[in-house]
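Asker: This is the structure I have questions about; it appears just below.
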Amino acid sequence: MRAGSWGKRAGTAVLAAAMIPALAGVTGAVGAANAWGPGSAKHPPKGFKSQRIDGAGMPPVLVRTWASTTTAPSKAPTVVFLDGLRATWNVSGWEQQTNVAFLSQHGINVVMPVGGTSSFYTNWQNPTHNQNGTYRYTWGTWLATSLPAYINKLGFSNNISLIGISMGGSAALINAEENRNIYKRAASLSGFLNISAPGMPIAVGIAQEDSGGYSALDMWGGPLDSRWAQNDPTVQVNKFAGMPLWISAGSGEPGKYTPNPSAADIIQGVPLEMLSKSQTEAFQAAAQKAGLTDVHYDFPAKGTHTWGYWQDQVWQMQRTGWFG
């Protein structure tokens, strides 16, 4: 490894170590945009469905969906949204904190899996205890089998995009690449795209422990285990050739959704976004070196680790026709 390359990796390690306190408190959702409540069981919006489906080895997984109301669902693009580290088990952060379910009124099918706290939406090596019991996370298998089967059962199109924020950013890219026959494009919004870089496995492990006693050792093993590199988009960059990607991260400077930053914004939202941008820029450099051309990069001058900025990115995707 050349000295310059090592210097960059060492710099990432220092930054990751500095961000450990923020990662330990990360929710995947600092701040909030205007949420859209989906209505009650008695008065659901048109096209809304909430159902538990086969968990691919896990307990049944709740999936909440909104069918396109302006285009036939079988012809409308389908978008799957992955949550952040502290994903809850009753409703997705995307539904709680953003208005992206309104995409259904703009000719797009919306799919929101619920749950997966600290999972990185991957297949874990060992069982882990959570509020649904003790079992091995098999989110990678679920995204490759149960979810696309359910999307097909709903009559949604197979023009499927996979979008993830924070924890879900790298997961969206890796799962989409591993299942190109299912997912046509992928987006990472404020994701950690060089997750095997020095210091990152330790930082992730501390965050997982803090978010409910989860262990990174149960997920991908120790910091030098090969599974960290296998799930690192920057390391696996050559595999993304030909897949449309949308890659975004803010500067960490508070903007319109955090005009008067709270303590949480400063302690978590700012440093987390700075780390995400550093990681995302590492991916960009690797992607450019690898000759990837079908990648849209967006690095807003302002933006913290906050839902409102991610919501804006999704609507920008819709306006530019990125969903196809």
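Bear in mind that the values in this text are calculations on the coordinates, not laboratory data. All of these numbers come straight from a predicted model, not from anything done at the bench. Cβ sites come from the backbone with ideal geometry, for glycine too, and all protein chains shown count toward neighbours.
Asker: Go through 108-114, 193-199, 298-304 and give me the packing order, highest mean Cβ count within 10 Å leading.
Answerer: Ranked by mean Cβ neighbours within 10 Å, highest first: 108-114, 193-199, 298-304.
Asker: Please list the non-local residues whose amide H lies under 5 Å from the amide H of TYR135, H modeled 1.01 Å from N, same-chain partners needing a gap of 5 or more.
Answerer: Counting only residues 5 or more places away or on other chains, the set is THR128, ASN130.
Asker: Oh, and also: At a 10 angstrom cut-off on C-beta neighbours, averaged per residue, how do the peptides 95-105, 170-180, 210-220 rank from highest to lowest?
Answerer: On the way: 95-105: 21.3, 170-180: 24.0, 210-220: 18.8.
Taking the mean over residues of other Cβ atoms within 10 Å, the ranking is 170-180, 95-105, 210-220.
Asker: What spacing in nm lies between the two simple spin-label points modelled at THR71 and ASN181, each 7 Å away from Cα in the Cβ direction?
Answerer: In this crude spin-label approximation the distance works out to 2.5 nm.
Asker: Return a whole-number percent for the relative contact order of the chain, with Cα pairs under 8 Å and 6 or more residues apart as the contact set.
Answerer: 21
Asker: I've got another one for you. If you fit an axis through the alpha-carbon atoms of helix 270-290 and take the longest principal axis of the Cα set of the chain, what angle between them do you get, 0 to 90°, nearest 10?
Answerer: Relative to the chain, helix 270-290 is tipped by roughly 90 degrees.
Asker: Cα axis of helix 167-178 to longest principal axis of the chain: angle in degrees, 0 to 90, nearest 10?
Answerer: 80
Asker: Let me ask another. With respect to the cross-link table entries LYS46/LYS184; LYS239/LYS289; LYS153/LYS239, which display a Cα-Cα separation exceeding 22 Å?
Answerer: LYS46/LYS184; LYS153/LYS239
Asker: Continuing with the same structure: Could you tell me the calculated FRET efficiency between ALA149 and SER50, based on Cβ-Cβ distance and R0 = 22 angstrom, to the nearest 0.05?
Answerer: The pair ALA149/SER50 has a calculated efficiency of 0.80.
Asker: Here's something else I'd like to know. For every other residue with a beta carbon closer than 12 angstrom to the beta carbon of PRO233, add +1 if it is Lys or Arg and -1 if Asp or Glu, then tell me the sum. Can you show the working numbers first?
Answerer: Values: positive: LYS239; negative: GLU177, GLU178, ASP232.
Local net charge: -2.
Asker: Right, something else. What does the C-alpha gyration tensor say about the overall shape of region 137-244? Classify as rounded when a/c is under 1.5, otherwise prolate if a/b is larger than b/c, or oblate.
Answerer: It comes out prolate by the Cα gyration axes.
Asker: Which order do peptides 285-295, 57-67 fall in by mean Cβ count within 10 Å, highest first? The partial results should precede the final answer.
Answerer: Working: 285-295: 14.2, 57-67: 19.7.
Going from most to least packed, we get 57-67, 285-295.
Asker: Lys and Arg at +1, Asp and Glu at -1: add these up for the other residues within a Cβ distance under 10 Å of VAL110 and post the number. Don't skip to the end; give the middle numbers.
Answerer: Details: positive: ARG64; negative: GLU95.
My count for the surroundings of VAL110 gives 0.
Asker: Along the Cα→Cβ direction, 7 angstrom out, place labels at LYS289 and LYS256. What is the inter-label distance in nm?
Answerer: It works out to 3.6 nm between the two label points.
Asker: Taking the chain as the reference, fit the longest principal axis to its C-alpha atoms, fit the long axis of helix 200-210 to the helix C-alpha atoms, and give the angle between the two in degrees, 0 to 90, nearest 10.
Answerer: Roughly 60 degrees between the two axes.
Asker: Could you compute the net charge surrounding PRO73? Neighbours are other residues with a C-beta less than 14 Å from the C-beta of PRO73; K and R count +1, D and E count -1. Working shown, then result.
Answerer: On the way: positive: LYS46, LYS49, LYS75, LYS153; negative: none.
Counting the neighbours of PRO73, the net charge comes to +4.
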